[in-house]
Amino acid sequence: MTRNAPIDPSLVAAFAPHGVLRASINLGNPILANRDKTNGEPVGVSVDLARALGRRLGVGVELVVFDKAAQSVDAVKSGKADIGFFAIDPARSEGLSFTAPYVLIEGSYLVKQDSSLQDNAEVDRDGLHIAVGSGSAYDLFLTREIKHATIERIVHVPDVLTAVQQGRVDVAAGIRTMLEGWASQHPGLRLLPGRFMVIQQAMGMPADRGPAAAAALAAFVEDMKAAGEVAASLARHGIVGGTVAPAAS
């Protein structure tokens, strides 16, 4: 499905079986989507990509909005949405077809200013507690990687900040830009240098829509990256902390 190429009607039906493209939007990741401050409507790179895909298919777009990544993933897996925007993770692969990533996001750690922790490698120690948004890409990654520290899964992301401020946990894990914002607003906090992971944000759709639709979605993402549309969207929305992923090999 390259630029200006005719689209087979059967492919349109695979993407939008209900006549409209239902796009699952996760507002829990501010690099991908937020609400417009003037009218409250969802905006961001994932919204822009969903609308661009709708135009390519010649169908309307319905935004199905969630506050958490896990809810957004479940909506696509259950067929309540036709496409979604997720971090690529083995734990999410069942029932979904992923494209190559379109945006890369750094994951970092936040600690109190007086914490003894100075390096990411020091975090996985017996007795330490790490707060993370439940069901997020960070949760999935740390669940596999952390061997000694305890992971505290928190439903509402703002409560992660409260947990580290109150000393109920030693470390908060999350999107680097979000944590930088918290640290700048709260002088008693600081980020550990560097990153503990790089999140690959991709588009996904139900696997049962077929290989042709999955290949078309993958081609669409590569087209949007190559044409500069992803970079332009990030710039338009003033996003810092997300970089355009390289072309798929």
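The numbers here are math on the coordinates, done by the rules we state, and not lab data. Quick caveat: nothing in here was measured; it's all calculated off a predicted structure. When we count neighbours, we look across all protein chains shown, and the Cβ atoms used for this are built from the backbone with ideal geometry, even at glycine.
With both residues required to sit in the stretch 104-197, DSSP beta bridges show an antiparallel share near 55%. Using the Karplus relation 6.51 cos²θ - 1.76 cosθ + 1.60 with θ = phi - 60°, the per-residue 3J(HN,Hα) values for the stretch 25-34 come to 10, 9, 7, x, 10, x, 6, 9, 7, 9 Hz, with x marking Gly and Pro. The average projected area of the stretch 16-65, computed from the convex hull of its Cα atoms over all directions, is 3.4 nm². The slack in the chain from Ala227 to Ser78, taken as 0.36 nm per residue of separation less the alpha-carbon distance, amounts to 50.4 nm. Residues whose amide H comes within less than 5 Å of that of Ala87, counting only those at least five positions distant or on another chain, are Ala202 (H built at 1.01 Å from N in the peptide plane). Near the amide H of Val103, within less than 5 Å, lie the amide hydrogens of Gln201, Ala245, all on another chain or at least 5 residues away, with H placed in the peptide plane.
Taking neighbour counts of Cβ atoms within 10 Å as a proxy for exposure, in what order, fewest first, do Phe220, Phe66, Phe85 appear?
Fewest to most other Cβ atoms nearby, the residues stand as Phe66, Phe220, Phe85.
If the chain linking Arg35 and His186 were pulled fully straight, counting 0.36 nm for each residue of separation and taking away their Cα-Cα distance, it would gain 52.0 nm. For the chain, the dipole from Cβ point charges (+1 on Lys and Arg, -1 on Asp and Glu) about the Cα centre works out to 400 debye, to the nearest 20. Where both partners of a DSSP beta bridge lie in the chain, what percent of those bridges are antiparallel, to the nearest 5? Antiparallel bridges make up about 60 percent of those DSSP assigns within the chain.
Taking the empirical scaling 2.2 N^0.38 Å for compact globular proteins as reference, the stretch 90-157 has a Cα radius of gyration ratio of 1.29. Here Val64, Val103, Val20, Val47 are placed in order of increasing Cβ neighbour count within 10 Å, fewest first, which gives Val20, Val64, Val47, Val103. Within a straight-line Cα-Cα reach of under 24 Å, Lys37 can be paired with the following lysines, leaving aside sequence neighbours fewer than 8 residues apart in one chain: Lys68. Loop-located trypsin sites (Lys or Arg not before Pro) in the stretch 78-181 (DSSP state not H, G, I, E or B) with no more than 10 neighbouring Cβ atoms inside 10 Å: Lys147. Rg ratio for the stretch 89-208: its Cα radius of gyration over 2.2 N^0.38 Å, N being its residue count, equals 1.09. By the Stokes-Einstein formula, at 0.692 mPa s and 37 °C, the stretch 51-118 with its Kirkwood radius over alpha-carbon pairs has D equal to 221 µm²/s. The stretch between Asp126 and Thr243 holds 38.7 nm of extra length on full extension. This uses 0.36 nm per residue minus the Cα-Cα distance.
Overall size of the chain from C-alpha positions, given as principal axis extents largest first: 60, 36, 33 Å.
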